[in-house]
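A short write-up of the structure that comes next.
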Amino acid sequence: MTTRLRRIAHLDMDAFFASIELLRYPQLKGLPVVIGGGRRKADDALPRAQPGQPARESRFVPVADFPLLKDYVGRGVITTATYAARQFGIGSAMGMMRAARLCPQAIVLPVDFEEVRKYSRLFKSAITEIAPLLEDRGVDEVYIDLTDVPGGQRAGGRVLARLIQKAIFGATGLTCSVGVAPNKLLAKMASEFNKPNGISIVYEADLPTHIWPLKCRKINGIGPKADEKLARLGIQTIGELAAQDRAFLVAHFGKSTGAWLHEVAWGRDERPVVTESEPVSMSRETTFERDLHAVRDKAALSAIFTDLCNKLGEDLSTKGYAAKTIGIKLRYDDFKIATRDQTGQTFTADGSTIRLLAGQCLKRVSLDKKLRLLGVRASGLVKAADVAELQNSQQKRLLRQCTQGLIAIENVAVAGVIGGQLF
Ligand code: DCP
Ligand code: MG
């Protein structure tokens, strides 16, 4: 019998938010379309669309009626862009005004989160019907363990990856890209190799040819700071990283990060595919129409801040979570970012408690410069239903610690007595 290879897939939807809009407006297929600028209902973007029109009518809206990027005024950023728009150099996180200079004729549409969530659920359930071991990594990406799925070993996973792509397309009309590799680390990189609508199969033996030429930044977990530090050490590619002694990396990055860098450069990653993944955090943020000053615009800022906290509380409540830690994020007019967080005594999903903790964070940041953006984040999330039990066990733990403390004090006292007797 041949041995089974570990076959882990990473699947990522293509231009997800934009592709969802193309389902609604198929007349825009092949055109440069960007998503950004707000959260309105999609049809608000169309001046001549009638409110309450049946959904199927959207495909008859003439292309000439769609708003263009060149007419956009504001400070929004691009959330995503169709591949036709990317040809012009437009991409995620780019300012809309800058994108308008690159491709003025691009059509701009707002995101419809309700549709996004619907399609996210649809594509994930199409996968689990074929391969049940699915790890949810957010709205448009998942890991799938194909190792023991019937057919999962055929052509290194390509046969099953193709089947999954077809099932997703059948259920949603959307395309995706899949990387199949010995582990999550390599699969994540591989899913980008043939975007859009592609499949890449990577084996351990492909490491020198497929992975080592890539920039270190391609490793999920190496951020801009680590990348800069690596660059200062003359390490640009994953191959150059793999060529370093583990001890050298440990000396520069510390024991755990150094060892991790060495492992990932050699394509090693044993993390399992975890089926029940809970959200780690939830956040709300807003970019202001104009920069605001903490003192001069205090009233306006305070109202926005309270509103963000209340909305975050609502998000937590509707999704059934409570948070232990509340954080804030500020972006100043020079684009520098400051974050602070504060852990509360208990778990909360209550707007005013969130406001209180977020307010404490605000006291710990500099408020001399004008602000462009304000955000509030909740982390340390637990299911609201588990809160009572957790708090109960937390109290028990506290009690236990106190008791142990007392015992420790008693021991000191006893030792003291013995000591007294000895000397
Ligand atoms: N997204 C977002 N904010 C970002 C980046 C992305 O809200 N800074 C949203 C929009 C994307 C979706 O998340 O459609 C998925 O992100 P991806 O990075 O996978 O980007 P796309 O799916 O749009 O494109 P690709 O085909 O490159 O995967
Ligand atoms: Mg994607």
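Since every read-out is calculated from the coordinates, none of them should be taken as a lab result. Just so you know, these numbers come straight off a predicted model, no measurement behind them. Backbone-built Cβ (ideal geometry, glycine too); neighbour counts: all protein chains shown.
The ranking of 125, 120 by Cβ neighbour count inside 10 Å, starting from the fewest, reads 125, 120. Applying the criteria of a DSSP loop state and at most 12 other Cβ atoms within 10 Å to the chymotrypsin sites (Phe, Trp or Tyr not before Pro) of the stretch 201-260 yields no site. Under the membrane-span-like helix rule (DSSP H runs whose alpha carbons stretch at least 18 Å along the helix axis, mean Kyte-Doolittle hydropathy -0.5 or higher), the chain yields 113-128, 158-172, 298-319, 387-422. Exposure proxy shown here: for 288, 335, the number of other Cβ atoms within 10 Å sets the order, fewest to most, as 335, 288. Here, the stretch 197-323 yields an orientationally averaged convex hull projection of 13.5 nm² when only Cα atoms define the hull.
Karplus-based coupling profile of the stretch 137-143, in residue order and whole Hz: 10, x, 5, 10, 9, 8, 9, with θ = phi - 60° in 6.51 cos²θ - 1.76 cosθ + 1.60 and x standing for Gly or Pro.
Prolate is the label for the stretch 281-384, because a/c, from the alpha-carbon gyration tensor with a ≥ b ≥ c as root eigenvalues, is 1.5 or above and a/b exceeds b/c.
With bins 20 Å wide beginning at 0, the percent of Cα pairs of the chain falling in each bin runs 20, 49, 26, 4, 1. When GluC sites (Glu not before Pro) are flagged only if DSSP places them in a loop and at most 12 other Cβ atoms lie within 10 Å, the longest unflagged stretch of the chain comes out as 277-423. Sites listed here are trypsin sites (Lys or Arg not before Pro) in the stretch 255-315 whose DSSP assignment is loop and whose Cβ has at most 15 other Cβ atoms within 10 Å: 268, 296.
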